[in-house]
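The values are calculated or read from the model by the stated rules, or taken from the named source; none is laboratory data. Please read these numbers as outputs of a predicted model, since none were measured by experiment. Methodologically, a virtual Cβ is constructed for each residue, glycine included, from the backbone with ideal geometry; neighbour enumeration extends over all protein chains shown. Areas reflect the complete protein model, heavy atoms only, side chains present, ligands, DNA and RNA absent. Shrake-Rupley method; radii C 1.70, N 1.55, O 1.52, S 1.80 Å.
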Amino acid sequence: MSAFTFLQQVEAFIADNRLLDKSAPVVVGISGGADSVALLHVLTRLGYSCIACHCNFNLRGDESLRDRNFTCETARAFGVPFDEISFDTQHYAREHSLSIEMACRQLRYDWFETKRREYGAQAIAVAHHRDDSVETLLLNLVRGTGIAGLTSMRPRNGFVVRPFLPVSRQEIEAYLEEQHLSHVVDHTNLETVFVRNKIRLEVLPLLRTINPSADRSIYTTMQNLREVERVYRDAIERQQREVLTRGADETRISIGRLMALPSPRAFLFELLSPCGFVPDQIDEILAACSGESGRVFLAPGHRIVKDREDLIWVRQEGDESQEDVVATILSPREAETLLDGRLSYRCVEGRGYELSRDKAHACFDLDKLEFPLIVRRWRIGDRFRPFGMKGSRKLSDYFGDCKYSLVDKSHALLLCSGNTILWILGERAADGFRVTPETERVIEFNYKK
């Protein structure tokens, strides 16, 4: 694709999706990488008034400073204003119990929105492209998702617009080469520590051995699913008018009308999952519709009570909706102490490692874990795969078998990697992350109740 054709494709996409016009400036996020440099260059060539905005997350030492200086020089070369901010990302992530990726996302978009308002800009343009959209779909599939996750990135999300969605990373790099434009490379994008990088560097190349046009085929499927989603959303909205009775303090879900729907579970999933109810809870709520009254289901800030003919849904404040993450391990160090000294860990070599049967002790193959690790309270709907057992089971059932009292349950803490429970602190560890003779690095935990 020539540079002229590339420009035409982006210009047509902007027009077809009504992303931008020439009436007001555009905030453009620029990191210094190939995608953002190309985006800023293309938008200025198409006649948009741009402000280049750069975030320094201070995560990569001298490389972060290199990126900042490069983006400043690039903005000057393109003749556009440059604005910047520097974040203490590690501190923000610890303070808000977030992964580094999520902390960067929140900091970036909050600041971009501040700049949009300050400059009176019409939109915030970011450089997500077709490959990013495909990666997001695969990431959502791995984690579990509904139809919204299958449609991946949208051209517009509020004030955030994505003019590069129809073009690939390869086409962007070809455009830069033809225009003799330089960019910087973030070396962390070449590491497989993060799940998205594993998809980009390992999963997608494998899919291309099956179909060389796998990326384009997946993107086309996403576009088809967006059309399906429009029909689906319209049906859900009509069903909500039939099933829900909204009051000032509560919403009632008619059980009779709910069960008469073509798919009661899909309806409940779309209604409740945005409020923090997990799929297992939704299954339990659906099962409770045919049972006795009085069952209670909780999510942060929400309570659902099963009544005779209705599910009564109320928003709530208080202890039951408080944040349940009590500690976060952003990345492994040689050793660290948490929970006022009650929990400690150390990283050791795996070769010749001796296992312990002590319940206060747990060890895992460090290279199998996804960071950050979190320590949190248990939630209704949690599932756990105990060491030595096939398949998972509900944590509530495990507690029942082990004769946990209500006090024991309230004090139970879980060590988690992503959405996977690794260890009930001071009790049983999970399978799937065990130390084997092939393990090269071990992370070893000790817990004092």
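With only Lys, Arg, Asp and Glu charged, each at its Cβ (+1 for the first two, -1 for the last two), find how big the charge dipole of segment 403-446 is about the Cα centre; round to the nearest 20 debye.
Working: 5 positive and 6 negative charges, 42 e Å.
Using Cβ point charges on Lys, Arg, Asp and Glu, segment 403-446 gives about 200 debye.
To the nearest 10 square angstrom, what accessible area does residue 119 show with a 1.4 Å probe?
Accessible surface of residue 119 is approximately 80 Å².
Between residue 216 and residue 142, what's the calculated FRET efficiency when r is the beta-carbon distance and R0 is 22 Å? Round to 0.05.
0.60
Please give me, ordered by residue number, the GluC sites (Glu not before Pro) of segment 343-427 that lie in loop per DSSP and have at most 10 other Cβ atoms within 10 Å. Walk me through the numbers before you get to the answer.
Working: sites: 349, 354, 370, 427; in loops: 354, 370, 427.
Sparse-neighbourhood loop GluC sites (Glu not before Pro): 354.
For residue 178 and residue 260 in one chain, what is 0.36 nm times their gap in residues minus the Cα-Cα distance, to one decimal in nm? Please list the in-between numbers first.
Numbers: separation 82, 0.36 × 82 = 29.52 nm, distance 5.99 nm.
The span from residue 178 to residue 260 would gain 23.5 nm if fully extended.
Can you find, among 4, 80, 350, the residue sitting farthest towards the positive end of the charge dipole of the chain, where Lys and Arg contribute +1 and Asp and Glu -1 at Cβ?
The Cα lying farthest towards the positive end belongs to 350.
Can you list the HN-Hα couplings for segment 130-136, worked out from phi with the Karplus curve (6.51, -1.76, 1.60; θ = phi - 60°), rounded to whole Hz and with x for Gly and Pro?
4, 5, 4, 5, 5, 4, 5
Stretched out fully, how many nm does the piece from residue 21 to residue 293 gain, at 0.36 nm a residue minus the Cα gap? Before the final figure, lay out each step's value.
Working: separation 272, 0.36 × 272 = 97.92 nm, distance 5.60 nm.
Value of the extension gain: 92.3 nm.
If the only charges are +1 at each Lys and Arg Cβ and -1 at each Asp and Glu Cβ, what is the size of the charge dipole of segment 180-298 around the Cα centre, to the nearest 20 debye? The partial results should precede the final answer.
Values: 15 positive and 16 negative charges, 68 e Å.
Once rounded to the nearest 20, the dipole reads 320 debye.
Considering segment 223-298, what Rg and Dmax in Å follow from its alpha-carbon atoms?
13.3, 44
Measuring from the lowest to the highest alpha carbon on each principal axis, how far does segment 77-232 reach, largest first, in angstroms?
45, 42, 36 Å, listed from the longest principal axis down.
If you take the alpha carbon radius of gyration of the chain and divide it by 2.2 N^0.38 Å, what ratio comes out, to two decimals? Before the final figure, lay out each step's value.
Numbers: Rg = 25.0 Å, N = 449, 2.2 N^0.38 = 22.4 Å.
In units of the 2.2 N^0.38 Å rule of thumb, it is 1.12.
Counting heavy atoms of the protein chains only and a 1.4 Å probe, report the per residue accessible area for the chain as a whole number of Å².
On the way: 23540 Å² over 449 residues.
Computed with neighbouring chains in place, this is 52 Å² per residue.
Given the protein chains as shown and a 1.4 Å probe, how many square angstrom of residue 275 are accessible, to the nearest 10?
30 Å²
Please compute the modelled spin-label separation between residue 408 and residue 2, points set 7 Å along Cα→Cβ, answer in nm with one decimal.
Label at residue 2, label at residue 408, 7.5 nm between them.
At 0.36 nm per residue, and after removing the present C-alpha to C-alpha distance, how many nm does the segment from residue 360 to residue 117 gain when stretched out fully? Please report the intermediate quantities before stating the final value.
Values: separation 243, 0.36 × 243 = 87.48 nm, distance 5.26 nm.
Here the answer is 82.2 nm.
For segment 339-438, what is Rg from Cα atoms divided by 2.2 N^0.38 Å, rounded to two decimals? Numbers along the way, then the final one.
Details: Rg = 13.7 Å, N = 100, 2.2 N^0.38 = 12.7 Å.
Normalised by 2.2 N^0.38 Å, the Cα Rg of segment 339-438 equals 1.08.
Relative contact order of the chain: what whole-number percent is it, with Cα pairs under 8 angstrom and at least 6 residues apart?
Relative CO of the chain lands at 12 percent.
Return the carbon/sulfur percentage of the accessible area of the chain, one whole number, probe 1.4 Å, all protein chains in place. Display every interim value, and only then the final one.
Numbers: 11500 of 23540 Å².
For the chain, the apolar C and S fraction of the accessible surface comes to 49 percent.
State whether segment 1-58 is rounded, prolate or oblate according to the following rule on the C-alpha gyration tensor (a ≥ b ≥ c being the square roots of its eigenvalues): a/c under 1.5 gives rounded; otherwise a/b larger than b/c gives prolate, and the remaining case gives oblate. Before the final figure, lay out each step's value.
Numbers: a/c = 2.32, a/b = 1.38, b/c = 1.68.
Note, shape of segment 1-58 comes out oblate.
Leaving ligands, DNA and RNA out of it, rank 394, 22 by accessible area with a 1.4 Å probe, largest first. Each step should come with its number before you reach the end.
Numbers: 394 60, 22 125 Å².
Listed by decreasing accessible area, they come as 22, 394.
Helix 279-288 sits at what angle to the longest principal axis of the chain, using alpha carbons and giving 0 to 90 degrees rounded to 10?
Tilt of helix 279-288: around 50 degrees.
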